[in-house]
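Undergrad: Structure incoming, see below.
All of the numbers you see were taken from the coordinates with simple rules; none came from a lab. Quantities reported herein were computed from a predicted structural model and do not represent experimental measurements. Neighbour counts run over all protein chains shown; Cβ positions are idealised from the backbone, glycine included.
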Protein chains: 2
Amino acid sequence: MKRITLFAVALAMLAVAFGTLASGQTDGDAAPIYGVKIPSGYRDWPLVSVARVGGPVNDIRAKLGNDVAIRAFRAGTNPFPDGTVIARLAWRQVTSDENNAVFRSAMLAQRLSPDVIQKVLSESSVAGPPTNVQFMIKDSKKYTSTGGWGFAQFTDGKPDGEAVHKTCFPCHAPAKDRDFVFTHYSR
Amino acid sequence: MKRITLFAVALAMLAVAFGTLASGQTDGDAAPIYGVKIPSGYRDWPLVSVARVGGPVNDIRAKLGNDVAIRAFRAGTNPFPDGTVIARLAWRQVTSDENNAVFRSAMLAQRLSPDVIQKVLSESSVAGPPTNVQFMIKDSKKYTSTGGWGFAQFTDGKPDGEAVHKTCFPCHAPAKDRDFVFTHYSR
């Protein structure tokens, strides 16, 4: 059998084996207002970009995207197509004594000044405990009053309350020109 | 045919169709010393964790892992199995005026003090231009003198020089107890 045929047949078999698992499966309870659930397997999605927010929020965060989202980010598609899902993971920023000991040694070997070394170490951090996970899901027919987006926030796998979810769209509204998405894709 | 059988057969067919593509394809020139090339498709790999390093380095970074790496991180496997590849992407930290304008509005609406608002904004950043990309590749037979790891750094897709690559293993040596890997997986 030719490779391409073999590949096509194998893919078709996988599709049957998995059913609709790849794109539509969700876990746990629905968040209020938008009814969004946690998309299965989101933790395996490719990275869109990273950022950090200062204290007292004090987090370091990553945006992941499903296949539809990643294709749209890379192509610069605006607005994002229905089926786009963007996940925002965040963790408390914590100091890593282990990393800093290594940075210090490396910088001493490079004969950097104590001031420079201190600056690097004081401004370095790693991801600590997770804070919460947020999702934006594009469905232009379902979420007509919020720019086509549904929003959700989960803490320890459980949806947060209605008050939190009321803040999502107003906060994203200033990014209307970019289909309410702040994050830029990082190459 | 039962689902599990169908799945197994489909996977076997995929393996034949793809040959060694999934784990072995690379792009571009080999880096010095270890001969490592850029693994194809690494930008789609799942996220291990994120971190930042202070000025003058001033970057925000993400570690991605291939399937072998991600499975090992999640299972706490030590040492990492042969075939593990960990990618470190990094970008200059830059201030996002667009994000900060939104943060400021949101914080003013919450009646936070100017001091708090200033602190959040001054400590917030996003990923700017990429700096370089690094890889760690586990091959315990090939890289016997460096803990079983090959290292590489690429800037704009081109391997950096030998001097840079001489610093990789000494810097990772303090993490010997954790198979020379500093990053912890973030759930």
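Undergrad: Please state the shape class of segment A:142-187: rounded when a/c is under 1.5, otherwise prolate if a/b exceeds b/c and oblate if not, all from the C-alpha gyration tensor.
TA: Because a/c hits 1.5 or more and a/b fails to exceed b/c, segment A:142-187 counts as oblate.
Undergrad: Another one. So if R0 is 35 Å, what FRET efficiency would B:ASP27 and A:SER122 give, r being the distance between their Cβ atoms, rounded to the nearest 0.05?
TA: Working from the Cβ atoms, E equals 0.40.
Undergrad: Pick from A:SER124, A:SER105, A:SER96: which residue has the top mean-square fluctuation in a GNM of chain A where Cα pairs under 10 Å get a spring?
TA: Of A:SER124, A:SER105, A:SER96, the Gaussian network model singles out A:SER105 as fluctuating most.
Undergrad: For A:THR77 paired with B:ASP160, estimate the spin-label separation in nm (one decimal), with each label point 7 Å from Cα along the Cα-to-Cβ line.
TA: 3.6
Undergrad: Cα-based Rg of chain A per 2.2 N^0.38 Å, rounded to two decimals?
TA: Dividing the Cα radius of gyration by 2.2 N^0.38 Å gives 1.29.
Undergrad: With springs only between Cα atoms under 10 Å apart, run a GNM on chain A and tell me which of A:ALA75, A:ALA31, A:ALA101 wobbles the most.
TA: Among A:ALA75, A:ALA31, A:ALA101, the largest GNM mean-square fluctuation belongs to A:ALA101.
Undergrad: If we count every other residue with Cβ under 14 angstrom of A:LYS37's Cβ, Lys/Arg +1 and Asp/Glu -1, where does the sum land?
TA: Here the count lands on -2.
Undergrad: Continuing with this model, one more query. Using alpha carbons only, how many angstrom separate the centre of segment B:102-167 from the centre of segment A:151-187?
TA: Distance between centres, Cα-based: 24 Å.
Undergrad: Magnitude of the Cβ-charge dipole of the protein assembly as shown, K/R +1 and D/E -1, about the Cα centre, nearest 20 debye?
TA: Dipole of the protein assembly as shown, to the nearest 20 debye: 460 debye.
Undergrad: Pull up all non-local amide H partners of B:ALA152: gap of 5 or more, or a different chain, and H-to-H distance under 5 Å with H placed in the peptide plane.
TA: Sorted by chain and number, the residues that satisfy this are B:PHE135.
Undergrad: A further question on this structure: Using a Cα-Cα cut-off of under 20 Å, which aspartates and glutamates could be cross-linked to B:LYS176, ignoring same-chain neighbours fewer than 8 residues away?
TA: Within reach: A:ASP97, A:GLU98, B:ASP82, B:ASP139.
Undergrad: Now a separate question. For B:PRO81, which inter-copy label distances result when the label point lies 7 Å beyond Cα on the Cα-to-Cβ vector, reported in nm to one decimal and in ascending order?
TA: Nearest first, the other copies' label points are 3.5 nm away.
Undergrad: Sticking with this one: Which of A:THR84, A:ASN100, A:SER113 sits closest to the plus end of the dipole of segment A:57-117, meaning its Cα is farthest towards the positive end, when Lys and Arg get +1 and Asp and Glu get -1 on the C-beta?
TA: A:THR84
Undergrad: Hey, what do the phi angles of segment B:82-92 turn into as Karplus ³J(HN,Hα) couplings, whole Hz, using 6.51/-1.76/1.60 and θ = phi - 60°, x for Gly and Pro?
TA: Karplus values, whole Hz, x for Gly and Pro: 4, x, 5, 10, 10, 10, 10, 9, 8, 9, 4.
Undergrad: Still on this structure: Given that compact globular proteins tend to follow 2.2 N^0.38 Å, what is the ratio of the alpha-carbon Rg of segment A:81-126 to that value?
TA: 1.80
Undergrad: Averaged over B:98-110, how many beta carbons belonging to a partner chain fall within 10 Å of each residue's beta carbon?
TA: 3
Undergrad: For segment A:23-106, restrict the atom set to alpha-carbon positions and state the Rg and Dmax in Å.
TA: In Å, with Rg to one decimal and Dmax whole: 16.8, 52.
Undergrad: Pick from B:PHE154, B:PHE103, B:PHE80 the residue whose mean-square fluctuation is largest in a GNM of chain B, springs joining Cα atoms under 10 Å.
TA: Of B:PHE154, B:PHE103, B:PHE80, the most mobile in the Gaussian network model is B:PHE103.
Undergrad: Report, please, the projected area of the protein assembly as shown averaged over directions, based on the convex hull of its C-alpha atoms, in nm².
TA: Over all viewing directions, the protein assembly as shown projects a mean Cα-hull area of 21.0 nm².
Undergrad: By counting other Cβ atoms within 10 Å of each Cβ, how are A:ASP179, B:ASP160 ranked from fewest to most?
TA: B:ASP160, A:ASP179
Undergrad: From Cα pairs below 8 angstrom and at least 6 apart in sequence, can you work out the relative contact order of chain A, rounded to a whole percent?
TA: 22
Undergrad: If you place +1 on the Cβ of every Lys and Arg and -1 on the Cβ of every Asp and Glu, how big does the dipole about the Cα centre of chain B come out, in debye to the nearest 20?
TA: 600
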